[in-house]
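The values are calculated or read from the model by the stated rules, or taken from the named source; none is laboratory data. All values reported here derive from a predicted model rather than from experimental measurement. Cβ atoms come from the backbone with ideal geometry, glycine included; neighbour counts cover every protein chain shown.
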Amino acid sequence: MPVISHSLTVSFNNCSASTFYSRFAFRNPNQYVEVRQFPRIYCAKKAKRTGKLRYPSEKKKLREKKQTKSDAPTPIEGVWRISRLAVSVQDDPGKDFWDISEALLKEIAKILEFPVSSMLPPEAFTVVRKSFDARKLQKEPKFVYTVDMDVHKLLHLEPRTWEFISELEPKNGCLEFLHFDKTFADLSSIIRESQKMKESATSAEIVHGNHITGSDNFSTTRKPRVVVIGSGPSGLFASLVLAEVGADVTLVERGEAVEQRGRDIGALIVRRMLQVESNFCFGEGGAGTWSDGKLVTRTGRNNSSVLTVLNTLVNFGAPRCILVDGKPHLGTDRLIPLLKNFRQYLQELGVTIRFGMRVDDLLVNGETVSGVKISDSRGSFDSSSQKLECDAIVLAVGHSARDTYQMLLSHNVNVIHKDFAVGLRVEHPQELINDIQYSGLANEVQCGRGKVPVADYQVAQCVKGTDTSILSNMEPVTRSCYSFCMCPGGQVVLTSTDPSELCINGMSFSRRSSRWANAALVVNVSSKDFEDLNLTGPLAGVEFQRVFERKAAMMGGGDFVVPVQTVTDFLDNRLLVTSVPPSSYRLGVKPSNLHELYPTHITEALQRAISMFNEELPGFISNNALLHGVETRTSSPIQITRRSDTWESTSLKGLYPVGEGAGYAGGIVSAAVDGMHAGFAVARNLGLYDNSLDTIVGKAQSVGFVKY
Ligand SMILES: Cc1cc2nc3c(=O)[nH]c(=O)nc-3n(C[C@H](O)[C@H](O)[C@H](O)COP(=O)(O)OP(=O)(O)OC[C@H]3O[C@@H](n4cnc5c(N)ncnc54)[C@H](O)[C@@H]3O)c2cc1C
């Protein structure tokens, strides 16, 4: 942190500083600030056209400015947002520094056109976003900041800036006055705060003799009972909302709590023992627990729902930097303690959590669900099913609950198939990716301990396919091929939930310090691809996944050994390199020709895309790059249709399909957001909530599915 002396006496504009005190009033007449009068500091003025010499566009701008100026609050009270502040790697303290450095202060002063950066007190500024921009179009990689300037603090700490601040004007794209200084809080605080306000409003109503009883369907006799199936991000956030608003919540999870789940995953990696109910997909925290914990989402980083979710994660132990980092991620080591805190909080709220219990069936009464049948998924002697009666069910089962999908069909729940993507996972030495992305700066990575982030990439291309047969007009199909779930400094892991199937994904720890970089390279597939394999019906996509997962297991030769091929051999459709480069995958790899895996049009689309990716990332095609098969569970292959007004299943009242498994999310944050809004929807339908928080937690978005 730079040390700024506030008793500094400066001399500029040929005038020496004199110090005497005066007082001036802010808009609020009670609020006086002592001002030390120093030489006045003004914005640098540019030569301007005036009067008739102004262009019509300039006149228009001036009119608009006058108009907004009269409405705008005096800028000596609020917050100015300063964006596009670029600091070179050399001058920046590095990726793990989230405060105001001297170099950043200089950049702030430049944008403000403030002559003496050292006079700006760093305490008046807060970093609200920090990203690392290493795009090739830049002259050199830079840290890019967005910073908020608190005018009140600034004037308090450095009153000599008053004159300057009062003349500050917005600059397109880099300086704006924030009219609404919205502060975001975690979900529980938001709900509690609103309940407090409601209670005081209600007591005021009672005092005035006009208390209205409200829409609570459950009067005072009992709390509404809700069963939440699945403890992934969507199930956890739905449970949190429902417990906070007063529902009696039972959270049923087929997998184990993170402590036991960790041991089960250990046994899988070391002894090849797959627990079908407790693994990389099933268990506390859902599929994203043993993951890279990327918290990026395409729903928009600044939307209220996302910010509420991120603040909630911070409340449960995530580092505050996830609120600021341009590409926030947690890593498995941080996710596990966070989930323990989440669990403890839910239990304190009275949520009953049943780990190792699987929902096998629904209890249906006419067109309404009335409960679930659950059984012990640990395979204990007493595996007879129990019934749990309830008023609503939140179905948050993730994309691997294939048996649950089948069960839904037996109750004629509306399920439709959905497009998704399949492909392979590519792994490079991390050093190679660092070199490609950062060139000379690559040595600053230092296995995640250096100044710059471990390099990642994101590539996407549209590829014209050769699969004309499936279209009657013989036009080649255009497919999007893209990288997905990139894990810098990570490892490839097994995400199978059945020993006869093989599928993989990637994870990493917070430091991202491993020697490898992996990412899925996938091609979108739709019903036409399923039909090509004679797969029809709502679960055609699930069957499509299964076909290739079984094929991959066979190609690997069993025991979860993964078939692999170097990128160079894959492009040439040959198997020359049989002594493949090392892989981070712990259960062993077997050199294979991956052309034997997918239909030709998918393989060819991948080949072309890889060649195109190499133009963007020269060196991507390498003998040291290893393709692993298969990546099939990129997102849910189905959608359980739900009503846009009540969020209930379109075919079964009281059933709320949410999250990734239901086809409404794709990633940790989007699943959490969907779960949160589903929680509010259930609460509203049960008379526990009245939409009063929409302005704070944001409105639910009707997204089909969102990839991270
Ligand atoms: C290895 C890996 C890495 C990933 N990395 C990232 C990442 O870095 N960033 C990111 O945003 N996303 C990542 N994802 C995706 C992300 O994990 C999911 O999008 C997200 O977890 C979906 O949340 P969900 O709540 O909808 O479902 P899930 O997280 O899948 O949770 C569903 C839960 O329901 C339980 N369940 C299923 N059926 C039943 C039943 N019948 N009875 C009881 N319980 C049941 C399951 O055991 C599971 O715990 C990753 C996924 C994997 C597998």
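Apart from one condition, residue 391 fits all of (1) assigned by TED's automatic domain parsing to the domain that holds residue 277; (2) surrounded by 23 or more Cβ atoms within 10 Å (Cβ to Cβ); (3) touching a strand residue (DSSP E or B) at 6+ places or on another chain (Cβ under 8 Å); the exception is (2). Taking the conditions (1) surrounded by fewer than 20 Cβ atoms within 10 Å (Cβ to Cβ); (2) closer than 30 Å to residue 439 by Cα; (3) free of Cβ contacts under 8 Å to residues at least 60 places away in the same chain in turn, residue 146 satisfies each one other than (3). Candidates in region 393-430 are the residues that are of a type in the set (Gly, Ala, Ser), out of contact with any Ser or Thr (no Cβ under 7 Å at 6 or more places or on another chain) and farther than 30 Å from residue 566 by Cβ; of these, the one that is farthest from the ligand (Cβ to nearest atom) is 410. Only one of the listed residues (262, 246) is among the small types (Gly, Ala, Ser), touching a helix residue (DSSP H, G or I) at 6+ places or on another chain (Cβ under 9 Å) and outside any helix (DSSP H, G or I). That residue is 246.
Here residue 621 meets each of (1) β-branched (Val, Ile, Thr); (2) within 13 Å of the ligand (Cβ to nearest atom); (3) part of a loop (DSSP other than H, G, I, E, B) with one exception, condition (2). Applying the selection to region 398-446, what residues are polar (S, T, N, Q) and either assigned to a loop (DSSP other than H, G, I, E, B) or buried (at least 20 other Cβ atoms within 10 Å of the Cβ) (or both)? Correct list: 400, 404, 412, 414, 430, 434, 437.
Could you tell me whether region 494-510 includes any residue that is small (Gly, Ala, Ser) and at positive phi? No; the residues of region 494-510 include none that is small (Gly, Ala, Ser) and at positive phi.
Scan region 295-304 for residues that are within 8 Å of the ligand (Cβ to nearest atom) and either in a helix (DSSP H, G or I) or at pLDDT 95 or above (or both) and jot them down. Listed by number, the list holds a single entry, 295.
Considering each of 255, 235, 283 in turn, give the residue that is crowded, with 24+ Cβ neighbours inside 10 Å, within 18 Å of the chain's Cα centre (by Cα) and either closer than 23 Å to residue 192 by Cβ or within 9 Å of the ligand (Cβ to nearest atom) (or both). Reasoning before the result, please.
Values: 255 fails: within 18 Å of the chain's Cα centre (by Cα); 283 fails: within 18 Å of the chain's Cα centre (by Cα).
Sole residue among the options that is crowded, with 24+ Cβ neighbours inside 10 Å, within 18 Å of the chain's Cα centre (by Cα) and either closer than 23 Å to residue 192 by Cβ or within 9 Å of the ligand (Cβ to nearest atom) (or both): 235.
Of all residues in region 81-118, those satisfying the criterion of being β-branched (Val, Ile, Thr), surrounded by 16 or more Cβ atoms within 10 Å (Cβ to Cβ) and in a loop (DSSP other than H, G, I, E, B) are 89, 100. Of all residues in region 591-609, those that are more than 14 Å from residue 477 (Cα to Cα) have Cβ atoms under 6 Å from Cβ atoms of residues that are in a loop (DSSP other than H, G, I, E, B), 6 or more apart or on another chain, in 591/578; 591/580; 593/575; 595/573.
Between 185, 134, 201, the distinction of being among the small types (Gly, Ala, Ser) and either touching a Pro at 6+ places or on another chain (Cβ under 7 Å) or farther than 30 Å from residue 242 by Cβ (or both) belongs to 134 only. Selection of region 574-599 for residues being surrounded by fewer than 17 Cβ atoms within 10 Å (Cβ to Cβ), modelled with pLDDT of 95 or more and of a type in the set (S, T, N, Q) yields only 593. For the condition within 28 Å of the chain's Cα centre (by Cα) and either surrounded by fewer than 16 Cβ atoms within 10 Å (Cβ to Cβ) or more than 20 Å from residue 515 (Cβ to Cβ) (or both), residue 602 does not qualify.
Only residues that are outside any loop (DSSP other than H, G, I, E, B) and either within 11 Å of the ligand (Cβ to nearest atom) or charged (D, E, K, R) (or both): list them for region 358-392, please. Once the filter is applied, which keeps residues that are outside any loop (DSSP other than H, G, I, E, B) and either within 11 Å of the ligand (Cβ to nearest atom) or charged (D, E, K, R) (or both), region 358-392 yields 358, 359, 360, 361, 362, 372, 373, 374, 375, 376, 387, 389.
Exactly one residue among 542, 562, 522 is within 16 Å of the ligand (Cβ to nearest atom) and in contact with an Asp or Glu (Cβ under 7 Å, 6 or more places away or on another chain), and that residue is 522. Taking into account only those residues within region 491-514 that are of a type in the set (S, T, N, Q) and farther than 13 Å from residue 280 by Cβ, which is farthest from the ligand (Cβ to nearest atom)? The residue in question is 500. Only residues that are within 11 Å of the ligand (Cβ to nearest atom) and either among the hydrophobic types (A, V, I, L, M, F, W, C) or more than 27 Å from the chain's Cα centre (by Cα) (or both) were counted across region 259-274, and they come to 1. Contact annotation: residue pairs with Cβ atoms under 7 Å, 6 or more positions apart or on different chains, pairing a residue in region 385-398 that is more than 25 Å from residue 638 (Cα to Cα) with a partner that is more than 9 Å from the ligand (Cβ to nearest atom) and hydroxyl-bearing (Ser, Thr, Tyr), are 385/375; 388/250; 389/370. If you check residue 127 against the conditions, is it within 22 Å of residue 88 (Cβ to Cβ) and either among the polar types (S, T, N, Q) or not assigned by TED's automatic domain parsing to the domain that holds residue 246 (or both)? Here the answer is yes, as residue 127 does meet what is asked. Here residue 297 qualifies as among the hydroxyl-bearing types (Ser, Thr, Tyr), farther than 20 Å from residue 249 by Cβ and either in the same structural domain as residue 128 (by TED's automatic domain parsing) or within 17 Å of the chain's Cα centre (by Cα) (or both). You will find that of 308, 332, 289, the residue that is of a type in the set (S, T, N, Q) and more than 24 Å from residue 560 (Cβ to Cβ) is 308 and no other.
Matching residues to (1) basic (Lys, Arg); (2) within 11 Å of the ligand (Cβ to nearest atom); (3) surrounded by fewer than 24 Cβ atoms within 10 Å (Cβ to Cβ):
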position	(1), (2), (3)
617	no, no, yes
626	no, no, no
630	no, no, no
664	no, yes, no
672	no, yes, no
694	no, no, yes
701	no, no, yes
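Which one is nearest to residue 521 (Cα to Cα), of the residues in region 558-585 that are β-branched (Val, Ile, Thr) and free of Cβ contacts under 8 Å to residues at least 40 places away in the same chain? Here the residue is 561.
Taking the stated definitions as given, is residue 95 at pLDDT 95 or above and farther than 19 Å from residue 444 by Cβ? For residue 95, the condition - at pLDDT 95 or above and farther than 19 Å from residue 444 by Cβ - is not met. Each residue in region 653-669 was checked for being in a loop (DSSP other than H, G, I, E, B), under 12 Å from residue 394 (Cα atoms) and of a type in the set (A, V, I, L, M), and 2 of them qualify.
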